[in-house]
Structures are given as structure tokens and as C-alpha cells.
Amino acid sequence: MTTTVADGVFTLSQSEKQSLLLPELVRLTEHHRNHGEAYARILSATGHVSGREYREEADLPWLPVRLFKTQVLKSISDDEVFKVLTSSGTTGDVSRIFLDKEAAAAQTRMLSKTIQTVLGKQRLPMLVVDTTAIIKDRKSFSARGAGVLGMMNFGRDHVWALDAEQQPDLEAIRGFLAKHGDQPFLIFGFTFMVWLYLYELARDHKLDLSNGILVHSGGWKKLIDRSVDNAEFRRAFAADTGLTRIHNFYGMVEQIGVVYLEGADGNSLYCPDFADVIIRDPQTWAELPPGQPGLVQVLSTLPESYPGHSLLTEDLGVVHGVDDGHWPGKRFSILGRLPRAEARGCSDTFSAGAA
Amino acid sequence: MSNVDRLRKSFRTALDLSSDYDVDSLEYRGIEKWDSLAHMALVATLEDEFGVMIDTDEVIDMSSFTKACEILTKQGVDFGE
């Protein structure tokens, strides 16, 4: 029932990707220059004049992701705005991302294609490692609520693993497993909540999660203190609960619709066919080779309604290899935030005492 | 009850609309009550009512009453025109 959709959107070798993405990214640069005054000013101020030739992705201009917090950057008119997405900044400033109807549909479609690569087309019974309280106010979801809701499309018969007080609901989880545990099922949650509330409970109560497919995201900051990194996370789940199909992902509201997904080999994130990453030296901005950690630049051909096709993040990462893993292209890891960068991210809004 | 009436009734139940609400021209997010949460309730209601399995692509594609009709038709539900 959970036949995967071949390799879905993880098919292109690095050279194929480069030759397909580069002209599209150049087109997007021109498109956003012509449709957004602020972006056009930034380009001309940084020497990226119209008609300049780009020989590779690394030559393209990029925007610091932080700019979306201070500038209105969009390439559509006010009356075309269908949805405004906001990030969950912790110091008050939030990114604002503007989508028209087409862009909103495109991001949903591409996210879906990406996730279906590991889940298949069928919706699976779904255990949500969160509380229904986060979507109680239907008029204003937090970024965390919006993330959970987006993933719920991939599931059916949803069960919440935490009660309204954000405590693990052992009976609900046991009920879910009794009903669905003998067939493939989906588990979704933010990384540190999955660890704190599902892993420890499953270990202590010997719950069998061996038919589960876990999709999780949100960063490792809160788990590093407990000496839990991605490798330990995978090892412990496999050893104590039987859960081996685990897919971490990296994504951000500024590049909505793109998720960099952990492959079946574990411990490496891969870029979908319409996206790529470049690691840069934080001092010189030079592109770094595999093995050397630096700032993560994300590239994607999805953003048509705002200039988000080439962004320099505040995250540190490292490319482990190219065309040498479970899927083709670059495989990489996120190592954390650039020191002193503002703390940011959906899961940061969770205020558990344990955090 | 005809299949199209069963479909209308499912929409009214899932979206919490009155029993005489005209649902035939409804679009996703066209009214406040058809939001992303209600959409999941709608999908579950349709699966129960018509005994079908709706996949992820269809969930995303189901952007109007008319689209729901098309998707169910493909699954073998006869709306008889």
C-alpha cells in the first residue's frame, strides 16, 4: 500500500540539476527585478545589472533571509496577494512572504510531491506528536500550527499524541497503535517533541513503532544539551521502538514548498529536483567544497511571487558529498545557527519547561 | 437520496452549514467555514459516505464542490448528470 513513487522529485544528478536550474534561476532573477522595486535596487547596488551572464548557480545574486523581516519583498500587486505567510521570530520581527493563488497552489503541490516520495500516494493513518490546542484558534494559527496542518493532508484518522495540557496521552497512542500499528502509519512532529514525548514514552512502555514512518523537523538546538544528535536519534528509535523509517527535513517559510529531506540512508539531507544548496565561507562568501562547514544558501525555482529563489540563511551546514548517496545531487547536514543570529523557527514557540 | 444530494449533505455536515445552504458553487476558502481544518473533515466525511479512499493528490485537488464531484466520479460514484 505504501509503494513509494519511484524516486519522486529526487532524480537529478548535480550536473543535470545545474544545467536545468541555472537558466530558470536567471529567469527568476530578471522576473523579480522587473516586478519588484526593492529587489531591483538591491541588485543594482550589488553589481548585478540586467543582462549579466551567470555561468553557475554560485554566481547568482542572493538575498540574506533576514531581509524579509524588514522589507516588503514581493513581485505581485497588492490585489493579487492571496496568502501572507509569517515566520515565528522570537524577537518580534517576522518574515512576511507573499503568495498569489498560483504560488500557493504550486507550493502545496511540490511539497506534496516531495513528501510522497517517502510516503506514497495513499494517505496513511497519522499520529501527530502535538496537541490539538495549537489549532484551536482557527483564525490565527501559529507557524507550528500551520506546519502541523500542512502535514495533516498526508494522513487520515489523525490521533494527537499530546493532550490539551501538552502531556503525552499514553491511552490515545496505545489506541492508535492497536488500530493501525500492524500496517504502515505516519508519525509527524517537531524533532525535540518527538524525542521528549514519543521516544521516551515508547521506550518506557515498550511501544512497537516498527511500521511507522516518522517525518520530523524543527532543529536540534534543544536536543544537543541532552547529547542527542541525528545519529543518536535514529539509533535509539531503532533499538528501543523498532522505528527505522525516519526522515528529518529542513525548510523555512521564506522558501515555502521546499523541504530538504533526509534519505533512507540517514544522516544526510537531499535537495528536491527544483532546489539546491551552496555552502559559503561566512567571511569571504566563497563557495566551500564538501567537508567544510559554512553558511547555507538555498536555491529554488518555486518562488514566482516573491524574490526567494536564492537566499542566504543564518544556518550553518556542511555538504557531505555529491552524487554519492541514496539520491543523486548534494547531500548535506544542518549544524545549527550562526552564533549570535537571532533564534528562529517553529518549534521555538513551544514553551515546555523541559526545553 | 440521489448521489448528488448525498454529496450536498456531506458538504453541509462537514462544513457545518444549514440544511438549505446552496453548496453547488462553493470553493475552498471561498467561505470562512471551508478552511484547511474543515477540509480534512470534509474528506473524511466523503470517504465514509461513499466508501472510497481519497489520496493525497485528490485532497489537494478538491478545491470546489464541482471538483469533489469530478474526483468521486473518477472513483466510480455515478452522479447521473
Where N is the number of residues in the protein assembly as shown, Cα Rg divided by 2.2 N^0.38 Å: 1.00
Calculate the length of the line joining the C-alpha centroid of segment A:209-245 to that of segment B:43-81, in whole Å. 36 Å
5 angstrom amide H check on A:Arg337, placed H, neighbours 5+ away: A:Leu316
When B:Cys69, A:Cys271 are arranged by how many other beta-carbons sit within 10 Å of their Cβ, fewest first, they go B:Cys69, A:Cys271
Report, in listed order, any pair from A:Lys17/B:Lys74; A:Lys136/A:Lys206; A:Lys17/A:Lys121; A:Lys69/A:Lys221; A:Lys74/A:Lys222; A:Lys83/A:Lys136 with a Cα-Cα distance greater than 28 Å. A:Lys17/B:Lys74; A:Lys136/A:Lys206; A:Lys74/A:Lys222
Taking the convex hull of Cα positions in chain B, its mean projected area over all directions (nm²): 4.8 nm²
Counting pairs of alpha carbon atoms under 8 Å apart in space and at least six apart in sequence, what relative contact order in percent does chain A give? 20 percent
Isotropic mean projected area of the C-alpha convex hull, segment A:69-212 (nm²): 10.3 nm²
From the backbone phi of segment B:27-35, what are the Karplus-calculated ³J(HN,Hα) couplings (6.51 cos²θ - 1.76 cosθ + 1.60, θ = phi - 60°) in whole Hz, Gly and Pro given as x? 10, 4, 6, x, 10, 4, 6, 8, 9
Could you tell me which trypsin sites (Lys or Arg not before Pro) in segment B:25-81 are loop residues by DSSP with no more than 12 other beta carbons within 10 angstrom of their beta carbon? none
Excluding residues on the same chain fewer than 8 positions from B:Lys9, give the aspartates and glutamates whose Cα lies under 19 Å from its Cα. B:Asp20, B:Asp22, B:Asp24, B:Glu27, B:Glu32, B:Asp35, B:Glu47, B:Asp48, B:Glu49, B:Glu70, B:Asp78, B:Glu81
Given the Cα-Cα distance of A:Gln71 and A:Ala172 and 0.36 nm per residue of separation, how much length would full extension add, in nm? 31.9 nm
Whole-angstrom gap from segment A:15-50 to segment A:248-274, using each part's C-alpha centre: 23 Å
Please identify every one of the trypsin sites (Lys or Arg not before Pro) in segment A:140-225 that sits in a loop by DSSP and has no more than 13 other beta carbons within 10 Å of its own beta carbon. A:Lys206
At most 14 other Cβ atoms within 10 Å and a DSSP loop assignment: could you name the trypsin sites (Lys or Arg not before Pro) in segment A:21-63 that fit? A:Arg52, A:Arg55
Exposure proxy ranking, count of Cβ atoms within 10 Å, fewest first, for A:Tyr54, A:Tyr199: A:Tyr54, A:Tyr199
A:Lys121 paired with A:Ser19, simple spin-label distance in nm, labels 7 Å along Cα-to-beta-carbon: 3.1 nm
Expressed as a whole number of Å, what is the distance separating the alpha-carbon centroids of segment A:59-113 and segment A:121-180? 26 Å
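Taken together, the values in this text are just the output of simple stated rules run on the coordinates, not laboratory data. In this text the structure is predicted, and so the values were computed from the model without any measurement. All Cβ positions, glycine included, derive from the backbone under ideal geometry; neighbour counts span all protein chains shown.
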